[in-house]
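Student: Quick one: this structure, given as structure tokens, is what I'll be asking you about.
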Amino acid sequence: MRVHISTLSAVRSILSRPLGLRGLATLLALCIGFSASAEDQQWAGYRGPGVVGVANDSRAISDFGNLTLKVGWQTKIGSGYSGIAVADGKAVTMYADGETDVMAAFDTRDGRQLWSYPFGETYPGHDGSHDGPIATPLIADGRVFGVGPRGQFFALDVTTGKELWKHHLVEDYQAVAPFYGIGTSPILDHGTLLLQVGGEGQAIIGFDPATGKKKWSAGSDTIGYQVPVPMELDGQHQIVGAGETKLFGINTGNGEVLWEWEHGGQGGRGAHSMTPVPLGDNKIFLAHRDDSSTVVSFSQQDDAANFKETWTDRSIRNSYNVPIYHDGHIYAFSSRFLTCVDAATGESRWRSREPGDGFLIAVGGNLVVITKKGTVHLVEATPEGYHELTATTVFDNLSWTAPSFADGSIYVRSFGAIARLDFAGGGLATRVDVASRGVSDSAFDRFLAEVEAAEGDNKTAIVDKYIAAQKSFPIIEGDRLVHFVYRGQANDVAVAGDPFGARLEQTMTRVADTDLFYRSVELESDARVNYLFIEDYQEIIDPLNPRETSTTVVGPDMEMSRSGEEMAMSWLAMPKWTAPAHLDEAPASSRGTLEARELDSETLKNAPARPGAPPRDSKIGLEIYLPRGYADNEARYPVAFVHDGTTAVERGRIPNSLDNLMGKSVAPAIVVFVNIAAQGPLYDQAFVGEVVPFVDENFRTLATAKSRANIGTNFNGITALLTTLSHPDVFGAVGTQSLVLLTMFESMIHPMIEEIGDHPPTIYMDWGTYDIRNPHENWDTATGHRKLVEMLEARGVKVAGGEAHDGSGWSSWRNRTDRIFETLFPLPPS
């Protein structure tokens, strides 16, 4: 065991002078104190001692001036989210090695791998996740326990890695794996191994750690990624566990459910992954919803548990990080911002964009934060504000795992390495620069240099003159360089939008002693993107840019929008972007007509009612576009069916585009805007079985497959593609934009592609370079499309469209309405 750094410092101080009786007694007390607390200095499992994310070591960071962090060792590993358990001189974690998921132990002295235990085929990342296990190992009594993403549950000898026992949560206990695989972590309390499993009567199961046999099971609820926590409530020790709908108090000794309470939470970053945080005095913090959190006070009377809401607030929200409690305050990530909240009131004491989104623990009155970008920061845990003591860059790849702390060192991991960090003194405290800088040798950079060299009021005068000289904002320099600029009395400004990705923003740098903030990026010379500013954590459009649009793809905090509500955005276009002429108002002489129809669907009317849902609307709304001259002749027309028709009409302005295109670059066609209040097979049955025949019966259509096409964007694009591929006898063409290529949809699409015969459908497919994506979360619309097109072309299917240097949403999609219809219904040669 490595001796604790602050203990050594104190010992050295004593030994540097004559001991005498008092000195000898002090030295003895230090040694005894260190020995007695050695067990407390371990981090044996998820969130360390007590499952609270706080190291019981108040001396860890004392006695250092100019504190720095040094990498003691770093060892390569594979991908995974699993935390690091540290005890008995070993650091144990789990990861994917490319072929299998493994648990491995590393010597805490030098990072040397001591053993590796493969326990299953690598769990592949999907739909925003990366490869590998999620759960954190637990070290106890010479054993290490692990839970794999497919339900593997096992114990190993911590010294040798030899398997002691194994079970399977899915096969033995019918556990239902959540969307990203099983990820709950084991904990040990009073000799019982505890695991949240889920199901009727087994929300939490207590196991014998020696054999893995079930001792008891308790509670009924669905389990996602929650972990139980030992607490003292009303003087009674118990395990508190959260499920999707309930909070449980359970007697560890016999599994008796002491109480249960419906917490009212929901959401992937809320109830689905909630770990309760004890605040003392019978109070519990719950990050129970994506958009808010709460503190509740527990009391028990006549065997009945009572919960009273202390506060509910949005001050902590939208994060997978589990908060920590220290000295009357809760420290957490709220979206991507580190925040301090008064535990008594929910009032935010401060928020900081630094150090960047990540995960945290507390050590000796300080926060240890690892960002997703792989930097580690030591920050004072104080309500007075963000004060960083030191920082260092550890990894060059992503990290999604909270730090661990044991024996005076920090242990961190990424998707490619595990490392030990040690505290050191005597050097210069370092910072990791997270701000943007200018682009060298640009005119804007020379302007910044001029401001920097000026003094006093001259700085403001130079800024005023420069801003007044600009013709438009953002400032575009040459064909590719963009400078986002903001002026105002703000403390914190960031820019977000298409160039940066969802759930992300980029800090704007403040020019010293001025009210000017900036961020410089490069875009393609024909790019068009949406963006906004975040001024003191509130979204605003660019005050200097009159070009305004809106989006329903993302909402506040740059989260993917589920409500469909519009959020205002600014937009910019690079010099070689051309505004689509088909979006101009069409002359009256070119306009077709839009006719509303309603179909009462027998399919929807007779469909089984959904449990707990209101009665299904059986009415199918149709808006049918008839090209100019339709009423003046007897000709028959091809038909396009546009899914989510109302939105395509209102936000896509497709009828106006058709007025400009029909007869000029697009063959005249009937276009049906479809609205069906159903999904999946029911939608398919109502659409193919009722809507298509209705249109053929009531309008002059060319009722052949090659004359029918489906069109859709986003999720509705998936509907259009699946419908076309599954009914080749009904449809012969499809046009899509920005498909949502979730694994569940790919599993349906890929087999259909393999079955495409000698007469493939006409396919148009486009997406944006700056479409919905998040590099931290392993999802990227553009990457998914490139792979899908490659697969189609391997089957001999030619795909029109391709990648546009644009973003997502109707402000992007409607720019290419002409290309869709020109591909699906080309104007015959004259």
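Student: Looking at Leu164 and the list (1) open to solvent by 10 Å² or more (accessible area, probe 1.4 Å); (2) of a type outside the set (Val, Ile, Thr); (3) under 22 Å from Val102 (Cβ atoms); (4) in a loop (DSSP other than H, G, I, E, B), which single condition is not satisfied?
Tutor: Only one criterion in (1) open to solvent by 10 Å² or more (accessible area, probe 1.4 Å); (2) of a type outside the set (Val, Ile, Thr); (3) under 22 Å from Val102 (Cβ atoms); (4) in a loop (DSSP other than H, G, I, E, B) is unmet by Leu164, namely (4).
Student: Right, something else. Among the residues of region 736-753, are any farther than 25 Å from Ser811 by Cβ, open to solvent by less than 30 Å² (accessible area, probe 1.4 Å), of a type outside the set (A, V, I, L, M) and modelled with pLDDT of 95 or more? Walk me through it before giving the result.
Tutor: Going through region 736-753, the residues farther than 25 Å from Ser811 by Cβ turn out to be 743-744, 746-753.
Going one step further and asking which of them are open to solvent by less than 30 Å² (accessible area, probe 1.4 Å), we end up with 749, 753.
From what is left, the residues that are of a type outside the set (A, V, I, L, M) are none.
No, that holds for no residue.
Student: A follow-up question, please. Looking at region 592-616, which of its residues are open to solvent by 80 Å² or more (accessible area, probe 1.4 Å), part of a loop (DSSP other than H, G, I, E, B) and closer than 20 Å to Asp684 by Cα?
Tutor: Asn606, Pro608, Ala609, Arg610, Pro615
Student: Being touching a residue at least 40 places away in the same chain (Cβ under 8 Å) and among the hydrophobic types (A, V, I, L, M, F, W, C) is the filter; apply it to region 768-790 and report the residue that is nearest to Ser747 (Cα to Cα).
Tutor: Per the criteria, the residue is Leu788.
Student: Inside region 459-520, counting only strands (runs of 3 or more DSSP E) that do not spill past its ends, which hold 1 or more residues that are out of contact with any Cys (no Cβ under 6 Å at 6 or more places or on another chain), under 24 Å from His776 (Cβ atoms) and in contact (Cβ under 8 Å) with a residue 24 or more places away in the chain?
Tutor: Values: elements: 475-477, 481-487, 493-497, 501-507.
Filter on region 459-520 gives 481-487, 493-497, 501-507.
Student: If you don't mind, another one. Considering region 745-793 alone, what residues qualify as being over 27 Å from Thr551 (Cα atoms) and assigned to a strand (DSSP E or B)? Reasoning before the result, please.
Tutor: From region 745-793, those over 27 Å from Thr551 (Cα atoms) are 747-762, 790-793; that's our starting set.
Within region 745-793, just Thr762 meets the criteria.
Student: Same structure again: What about Val277, is it buried (at least 21 other Cβ atoms within 10 Å of the Cβ) and touching a residue at least 60 places away in the same chain (Cβ under 8 Å)? Break it down stepwise before answering.
Tutor: On the way: buried (at least 21 other Cβ atoms within 10 Å of the Cβ): yes; touching a residue at least 60 places away in the same chain (Cβ under 8 Å): yes.
Against the criterion (buried (at least 21 other Cβ atoms within 10 Å of the Cβ) and touching a residue at least 60 places away in the same chain (Cβ under 8 Å)), Val277 qualifies.
Student: Could you list, in sequence order, all residues of region 438-458 that are open to solvent by less than 70 Å² (accessible area, probe 1.4 Å), closer than 20 Å to Asp515 by Cβ, out of contact with any helix residue (DSSP H, G or I) (no Cβ under 8 Å at 6 or more places or on another chain) and part of a loop (DSSP other than H, G, I, E, B)? Walk me through it before giving the result.
Tutor: From region 438-458, those open to solvent by less than 70 Å² (accessible area, probe 1.4 Å) are 438-439, 442-445, 447-449, 451, 454, 456; that's our starting set.
Of the ones still in play, those that are also closer than 20 Å to Asp515 by Cβ are 438, 444-445, 447-449, 451, 454, 456.
After this cut, where a residue has to be out of contact with any helix residue (DSSP H, G or I) (no Cβ under 8 Å at 6 or more places or on another chain) as well, the list is 444-445, 448-449, 456.
Answer for region 438-458, where residues must be open to solvent by less than 70 Å² (accessible area, probe 1.4 Å), closer than 20 Å to Asp515 by Cβ, out of contact with any helix residue (DSSP H, G or I) (no Cβ under 8 Å at 6 or more places or on another chain) and part of a loop (DSSP other than H, G, I, E, B): just Gly456.
Student: Kindly list the number of the only condition in (1) touching a strand residue (DSSP E or B) at 6+ places or on another chain (Cβ under 7 Å); (2) more than 28 Å from Glu384 (Cβ to Cβ); (3) of a type outside the set (Phe, Trp, Tyr) that fails for Pro278.
Tutor: (2)
Student: Does any residue of region 573-581 turn out to be over 23 Å from Ala502 (Cα atoms) and outside any loop (DSSP other than H, G, I, E, B)?
Tutor: Pass one, region 573-581, residues over 23 Å from Ala502 (Cα atoms): 575-581.
Next, from what is left, pick out any that are outside any loop (DSSP other than H, G, I, E, B): 581.
Scanning region 573-581 turns up at least one residue that is over 23 Å from Ala502 (Cα atoms) and outside any loop (DSSP other than H, G, I, E, B).
Student: Which one is most open to solvent (accessible area, probe 1.4 Å), of the residues in region 96-112 that are touching a residue at least 40 places away in the same chain (Cβ under 8 Å) and over 12 Å from Ile418 (Cβ atoms)?
Tutor: Arg109
Student: A follow-up question, please. Being over 23 Å from Asn318 (Cα atoms) and open to solvent by less than 10 Å² (accessible area, probe 1.4 Å) is the filter here, so list the residues in region 238-254 that pass it.
Tutor: Gln238, Ile239, Phe248, Gly249, Ile250, Thr252
Student: While we're looking at this one, here's another question. Does region 382-401 include one or more residues that are among the hydrophobic types (A, V, I, L, M, F, W, C) and closer than 15 Å to Val54 by Cβ?
Tutor: Filtering region 382-401 for residues among the hydrophobic types (A, V, I, L, M, F, W, C) gives 389, 391, 394-395, 398, 400.
Of the ones still in play, those that are also closer than 15 Å to Val54 by Cβ are none.
Among the residues of region 382-401, not one is among the hydrophobic types (A, V, I, L, M, F, W, C) and closer than 15 Å to Val54 by Cβ, which makes the answer no.
Student: Looking at (1) surrounded by fewer than 20 Cβ atoms within 10 Å (Cβ to Cβ); (2) without any contact (Cβ under 8 Å) to a residue 40 or more places away in the chain, which one does Asp189 not meet, given that it meets all the others?
Tutor: With (1) surrounded by fewer than 20 Cβ atoms within 10 Å (Cβ to Cβ); (2) without any contact (Cβ under 8 Å) to a residue 40 or more places away in the chain applied to Asp189, the lone miss is (2).
Student: Can you tell which of Asn774, Asn778 is open to solvent by less than 20 Å² (accessible area, probe 1.4 Å), over 19 Å from Asn716 (Cα atoms) and modelled with pLDDT under 95?
Tutor: Numbers: Asn778 fails: open to solvent by less than 20 Å² (accessible area, probe 1.4 Å).
Answer to the selection: Asn774.
Student: Return the residues of region 338-354 that are under 18 Å from the mean Cα position of the chain (by Cα) and open to solvent by 10 Å² or more (accessible area, probe 1.4 Å); say none if nothing qualifies.
Tutor: Within region 338-354, just Arg353 meets the criteria.
Student: Next up: Taking interchain pairs and intrachain pairs at least six residues apart, which have beta carbon atoms under 7 angstrom, with the first residue in region 287-310 and among the β-branched types (Val, Ile, Thr) and the second open to solvent by 70 Å² or more (accessible area, probe 1.4 Å)?
Tutor: Every condition considered, the pairs that remain are Thr294/Glu309; Val296/Lys308; Val296/Glu309.
Student: Something else about it: In region 548-572, what residues are of a type outside the set (Ser, Thr, Tyr) and in a strand (DSSP E or B)?
Tutor: Initial filter on region 548-572 (of a type outside the set (Ser, Thr, Tyr)): 548, 553-560, 562, 564-569, 571-572.
Glu548, Val554, Met560, Met567, Ala568, Met569, Trp571, Leu572, listed by residue number.
Student: Which one of the conditions (1) open to solvent by 30 Å² or more (accessible area, probe 1.4 Å); (2) touching a residue at least 40 places away in the same chain (Cβ under 8 Å); (3) within 29 Å of the chain's Cα centre (by Cα) does Thr762 fail to meet, given that it meets all the rest?
Tutor: It fails just one condition, (3).
Student: A further question follows. Taking into account only those residues within region 617-630 that are open to solvent by less than 40 Å² (accessible area, probe 1.4 Å) and not β-branched (Val, Ile, Thr), which is modelled with the lowest pLDDT? Give the steps one after another, and end with the answer.
Tutor: Within region 617-630, the subset open to solvent by less than 40 Å² (accessible area, probe 1.4 Å) is 618, 620-622, 624-627, 629-630.
Next cut, not β-branched (Val, Ile, Thr) only: 618, 621-622, 625-627, 629-630.
Values: Ser618: 91, Gly621: 95, Leu622: 97, Tyr625: 98, Leu626: 98, Pro627: 97, Gly629: 94, Tyr630: 96.
Restricting to residues being open to solvent by less than 40 Å² (accessible area, probe 1.4 Å) and not β-branched (Val, Ile, Thr), the top hit is Ser618.
Student: Looking at region 525-547, which of its residues are within 24 Å of Gly768 (Cβ to Cβ), in a strand (DSSP E or B) and of a type outside the set (S, T, N, Q)? Show your work before the answer.
Tutor: As a first pass, look at region 525-547 and keep what is within 24 Å of Gly768 (Cβ to Cβ): 525-534, 539-542, 545-547.
Narrowing the set further to residues that are in a strand (DSSP E or B) leaves 528-534, 539-540.
Correct list: Arg528, Val529, Tyr531, Leu532, Phe533, Ile534, Glu539, Ile540.
Student: Among Ile370, Ile361, which is in a strand (DSSP E or B), within 18 Å of the chain's Cα centre (by Cα) and either aromatic (Phe, Trp, Tyr) or crowded, with 23+ Cβ neighbours inside 10 Å (or both)?
Tutor: On the way: Ile361 fails: within 18 Å of the chain's Cα centre (by Cα).
Going through Ile370, Ile361 in turn, just one is in a strand (DSSP E or B), within 18 Å of the chain's Cα centre (by Cα) and either aromatic (Phe, Trp, Tyr) or crowded, with 23+ Cβ neighbours inside 10 Å (or both): Ile370.
Student: Something else now. Filter region 405-428 for residues that are modelled with pLDDT under 85 and either in contact with an Asp or Glu (Cβ under 6 Å, 6 or more places away or on another chain) or farther than 30 Å from Val92 by Cα (or both) and give the result. If you could, list the steps in order and put the result at the bottom.
Tutor: Within region 405-428, the subset modelled with pLDDT under 85 is 425-428.
Once the filter is applied, which keeps residues that are modelled with pLDDT under 85 and either in contact with an Asp or Glu (Cβ under 6 Å, 6 or more places away or on another chain) or farther than 30 Å from Val92 by Cα (or both), region 405-428 yields Gly426, Gly427, Leu428.
Student: Could you run through region 405-420 and say how many residues are open to solvent by 10 Å² or more (accessible area, probe 1.4 Å) and either basic (Lys, Arg) or over 24 Å from the mean Cα position of the chain (by Cα) (or both)?
Tutor: Qualifying residue count for the region: 2.
Student: All but one of (1) open to solvent by less than 20 Å² (accessible area, probe 1.4 Å); (2) under 24 Å from Gly680 (Cβ atoms); (3) within 28 Å of the chain's Cα centre (by Cα) hold for Gly768; which doesn't?
Tutor: The number of the failed condition is (2).
Student: On to the next question. Yes or no: Ala402 within 30 Å of Lys576 (Cα to Cα), open to solvent by less than 50 Å² (accessible area, probe 1.4 Å) and either at pLDDT 95 or above or in contact with a strand residue (DSSP E or B) (Cβ under 9 Å, 6 or more places away or on another chain) (or both)?
Tutor: On the way: within 30 Å of Lys576 (Cα to Cα): no; open to solvent by less than 50 Å² (accessible area, probe 1.4 Å): yes; either at pLDDT 95 or above or in contact with a strand residue (DSSP E or B) (Cβ under 9 Å, 6 or more places away or on another chain) (or both): yes.
When the stated conditions are applied, Ala402 does not pass them.
Student: For region 314-337, give me each residue that is open to solvent by 20 Å² or more (accessible area, probe 1.4 Å) and assigned to a strand (DSSP E or B).
Tutor: Across region 314-337, the qualifying residues are Tyr325, His326, His329.
Student: Oh, and also: Looking only at region 560-591, which residues are in contact (Cβ under 8 Å) with a residue 24 or more places away in the chain, open to solvent by 20 Å² or more (accessible area, probe 1.4 Å) and closer than 22 Å to Arg773 by Cβ?
Tutor: Listed by number, the residues that qualify are Met560, Met567, Ala568, Trp571, Trp577.
The values are calculated or read from the model by the stated rules, or taken from the named source; none is laboratory data. Because the structure is a prediction, the values reported are computed rather than measured. Every residue, glycine among them, receives a Cβ derived from its backbone with ideal geometry; neighbour counts consider all protein chains shown. Remember, those area values only see protein heavy atoms, side chains included, never the ligands or the DNA or RNA. Shrake-Rupley method; radii C 1.70, N 1.55, O 1.52, S 1.80 Å.
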